[in-house]
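For reference, the structure is listed below as structure tokens.
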Amino acid sequence: MSRKVLVATEKPFAKDAVIGIQDACKKQGYDCILLEKYADKADLLNAVAEVDALIIRSDKITREVIEHARNLKIVVRGGAGYDNVDLAAATENKVVVMNTPGQNSNAVAELAFGMMLYMARNKFNGKSGSELKNKSIGIHAYGNVGRNIARIAQGFGMTVCAFDPFISADVMQADGVKPMESVEEMYATCDYISLNLPLIEATRKAIHYNLMKTMKKGATIVNTARKEIVCEDGLKMMLAERPDFKYISDIAPVCADELMEKFGSQCFFTPKKMGAQTGEANVNAGVAAINQIIGYLEKGITTFQVNK
Ligand code: 3PG
């Protein structure tokens, strides 16, 4: 019997990415099943029942989903963050989980600058704004997106700093980036802070009021990571006390409506997470995902496994 690969994407990949996945499946003799824009969890539960492999984006792969997928051997998150997958449940059920690091990071970084320019120019409302040139940006976590942020920021003529306890100063310096000794120092000295942290227990609400309140006059936080890393109560206090402070995010906070009503000129949120939503990023991540599935099912290759 041929292997079955399910592409379950509530927010679909671009058509070319889907074609790339389907072509790779066909070449390998795998069946490719497409479940896009599903509204109901029941649709996902039904669809996973017989499949060997699963390609997802931010789709929630809970214990219930994993336990429903009796033949499942591998889940590949076409993207970077895998906080949407129950890793413990996957491990218990001998399901390998992988991500596709770096494949969509340029798209995410470009969107950060799109949002920064939009806010620096007062949402294009005709009022005089400010430029990115000669401003400083602090990159909070220097992974694949962070590195792309640094590269683009240098093109704008910004001073680039970064904080990441897992990346050596030498790596940052080789990129022309100033390593910061502490998060506190970076928040207190940069005009822009770019959030590029993964969501794990240690980073939940890590961007709290006491950190934000030290930020420079006119400072902006741009979040292309996860909404949960910012403390929403602290954010509300900060926006209320500091009309000069701006918060822009590709992932609307839970209290987005309240923030827009009270602090509309200080905030911007994309209506749906858009960072990785480009044809290029979708093809990169989608094709990497199917190639990783083939590599695992045919040769046992476990590069990029995240639940070891
Ligand atoms: C990621 O973790 O790769 C990004 O947040 C993109 O997520 P998405 O595939 O749901 O757009």
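The values are calculated or read from the model by the stated rules, or taken from the named source; none is laboratory data. The structure displayed is predicted, hence computed values, not measured ones. As a convention, Cβ positions derive from the backbone with ideal geometry for all residues, glycine included, and neighbour counts pool all protein chains shown. Quick note on the areas: whole protein, heavy atoms, side chains included, nothing else; ligands and nucleic acids left out. Shrake-Rupley method; radii C 1.70, N 1.55, O 1.52, S 1.80 Å.
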Subject >> Simple label model, 7 Å out from Cα along Cβ direction - Met1 to Lys37, nm >> reply: 3.1
Subject >> Free-standing Cys, the chain [no other Cys Cβ under 4.7 Å] >> reply: Cys161, Cys190, Cys231, Cys255, Cys267
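When DSSP assigns beta bridges and you keep just the ones with both residues in the chain, what percent turn out antiparallel, to the nearest 5?
Working: 1 of 43 bridges.
If I count the DSSP bridges inside the chain, around 0 percent turn out antiparallel.
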**OP:** Only Cα pairs under 8 Å and at least 6 apart count here; give the relative contact order of segment 77-223 as a rounded whole percent.
**Re:** 21
Subject >> Principal-axis tilt of helix 144-155 within the chain, Cα atoms, nearest 10 degrees >> reply: 40
Subject >> Around Ser265: net Lys/Arg minus Asp/Glu count, Cβ-Cβ under 14 Å >> reply: +4
Original post:
Given springs between every Cα pair under 10 Å in a Gaussian network model of the chain, which of Gly126, Gly143, Gly279 has the largest fluctuation?
Top reply: Gly126
**OP:** Give me the aspartates and glutamates in straight-line cross-link reach of Lys205: C-alpha distance below 14 Å, same-chain residues under 8 apart excluded.
**Re:** Glu228, Glu232, Asp233
**OP:** For the chain, find the longest principal axis of its Cα atoms and tell me its angle to the long axis of helix 232-241, 0 to 90°, nearest 10.
**Re:** 20
**OP:** Using the structure shown, select from Lys227/Lys299; Lys123/Lys227; Lys4/Lys94; Lys26/Lys94; Lys41/Lys123 the pairs with a Cα to Cα distance greater than 29 angstrom.
**Re:** Lys227/Lys299; Lys41/Lys123
Subject >> Principal axis dimensions, segment 160-283 - Cα atoms, whole angstrom, descending >> reply: 44, 40, 27
Subject >> Acute angle (nearest 10 degrees) that the helix 279-299 long axis makes with the longest principal axis of the chain, alpha-carbon atoms >> reply: 40
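Please state the equivalent ellipsoid semi-axes for the chain: what are the square roots of 5 times the Cα gyration tensor eigenvalues, largest first, in whole Å?
Numbers: eigenvalues 274, 81, 65 Å².
For the chain, the semi-axes come out at 37, 20, 18 Å.
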**OP:** Work through the residues other than Gln22 whose Cβ is under 12 Å from its Cβ and net out their charges, Lys, Arg +1 and Asp, Glu -1.
**Re:** 0
Original post:
What net charge is computed for the residues neighbouring Lys217, neighbours being all others with C-beta under 15 Å from the C-beta of Lys217, Lys and Arg scored +1, Asp and Glu -1?
Top reply: +2
**OP:** Determine the per residue accessible area of the chain with all protein chains present and a 1.4 angstrom probe, expressed in square angstrom.
**Re:** 47
Subject >> Estimated 222 nm signal from helices in the chain, with DSSP H stretches of n ≥ 4 weighted -39500 (n - 2.57), rounded to 500 >> reply: -11000 deg cm²/dmol
**OP:** Rank Leu111, Ile33, Ile74 by how far each Cα sits towards the positive end of the charge dipole of segment 33-132 (+1 on Lys, Arg Cβ; -1 on Asp, Glu Cβ) and give me just the farthest.
**Re:** Leu111
